[in-house]
Every structure is written in C-alpha cells, then in structure tokens.
Amino acid sequence: TQAEIDERTAEEWFDPAGLFMAFADSDPDTLLGFHWTKVHPPEGDEPELGEVYVVGIDPAAQGRGLGRVLTLAGMHYLRDRGLGTVLLYVEGDNTAALNTYEKLGFGRFHIDVAYARSV
C-alpha cells in the first residue's frame with residue numbers, strides 16, 4: 001500500500017539512489033519492475049552489507065529478463081558504494097527468483113523452515 005511505501009521510504013536507511021525502476025516504452029506510466037536495495041551498517045566485527053531488499057516484476061512482464069537486469073543494476077550500485085557482500089532473502093518455492101539469483105552467483109547460505117512436522 002502507499003502507506004507501507006511511505007513508512008519504508010521514511011526509514012533512516014532508505015536511499016532513493018538505490019531504487020531502480022523499469023517502465024514500459026509504450027507507456028511510461030506503466031511500471032514493469034523494480035529493485036530496491038538496502039545497506040546494513042557495520043555491526044561489531046561484521047562489515048557493512050548490501051541487500052537485495054525487494055525485486056518485483058509485474059506478472060505480465062515476467063520472462064523478459066527484467067529481474068536479472070534490475071538485480072544487476074542494484075548490485076552494481078552496491079559494489080560502487082564499496083560493498084563486497086550482498087545478501088538477500090527469497091522464498092524457497094520462488095523458482096524463478098532462485099534461478100535468477102543462482103545464475104548471478106548467489107549461493108545458499110542459510111535456509112529457514114517456517115513449518116515442520118514429525119512423521
């Protein structure tokens with residue numbers, strides 16, 4: 001919702017330079033996708049980290065490679081800020097995103113399980 005966007009853009013960490021958007025050539029008001037990056041400040045001995053905060057692609061625009069292009073734009077932005085590590089979170093059943101990130105060189109670091117059942 002607009003209220004959620006307003007809340008997040010008011011956060012101290014928000015940097016509009018780290019928000020990348022792709023619009024339709026035929027209609028510049030049609031947002032096809034975006035990549036919103038985030039920078040985590042250093043904590044203790046841990047260095048500053050970049051994050052693929054949110055990548056969103058309009059379902060009608062999927063399959064064009066926009067997710068890859070937008071993710072790369074954000075990663076280049078984070079690299080140019082001097083960040084050597086980029087992290088992200090993705091649902092395990094989001095096959096398209098998992099494939100995109102693996103092709104970009106991301107490896108699985110940690111897997112969270114929200115539900116489990118003993119059998």
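The values are calculated or read from the model by the stated rules, or taken from the named source; none is laboratory data. None of the values given here were measured: they were computed from a predicted structure. Please note: Cβ atoms are built from the backbone with ideal geometry, for glycine as well, and neighbour counts cover all protein chains shown. These area figures cover heavy atoms from the full protein model, side chains too; ligands, DNA and RNA do not enter into them. Shrake-Rupley method; radii C 1.70, N 1.55, O 1.52, S 1.80 Å.
Probe radius 1.4 Å, ligands and nucleic acids left out: which of ARG68, ARG117 has the largest accessible area, and how do the rest follow?
Working: ARG68 125, ARG117 195 Å².
Putting ARG68, ARG117 in descending order of accessible area: ARG117, ARG68.
Would you mind getting me the FRET efficiency between ARG64 and LEU19? Use the beta-carbon distance for r and R0 = 22 Å, nearest 0.05. Show your work: numbers first, answer last.
Details: r = 20 Å, r/R0 = 0.90.
Taking R0 as 22 Å, the efficiency between ARG64 and LEU19 is 0.65.
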**Message:** Suppose accessible area is computed on protein heavy atoms with a 1.4 Å probe; arrange ILE5, ILE57, ILE111 from highest to lowest.
**Reply:** ILE111, ILE5, ILE57
**Prompt:** Pick from PHE106, PHE14, PHE23: which is most flexible by mean-square fluctuation in a GNM of the chain where alpha carbon atoms under 10 Å apart are linked?
**Reply:** PHE23
**Asked** Which order do HIS76, HIS40, HIS35 take by accessible area at a 1.4 Å probe, largest first?
**Response** HIS76, HIS40, HIS35
**Fill in**
Quick calc: nm separation of the 7 Å Cα→Cβ label points for VAL54 and LEU31 -> 0.8 nm
**Asked** How much accessible surface does SER118 have with a 1.4 Å probe, in Å² rounded to 10?
**Response** 110 Å²
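How many Å² of accessible area per residue for the chain, probe 1.4 Å?
Details: 8750 Å² over 119 residues.
For the chain, the per-residue accessible area is 74 Å².
Give me the Kirkwood hydrodynamic radius of the chain in Å, from all C-alpha pairs, to one decimal place? Walk me through the numbers on the way to the answer.
Details: mean 1/r = 0.0629 Å⁻¹.
When all Cα pairs of the chain are included, the Kirkwood radius is 15.9 Å.
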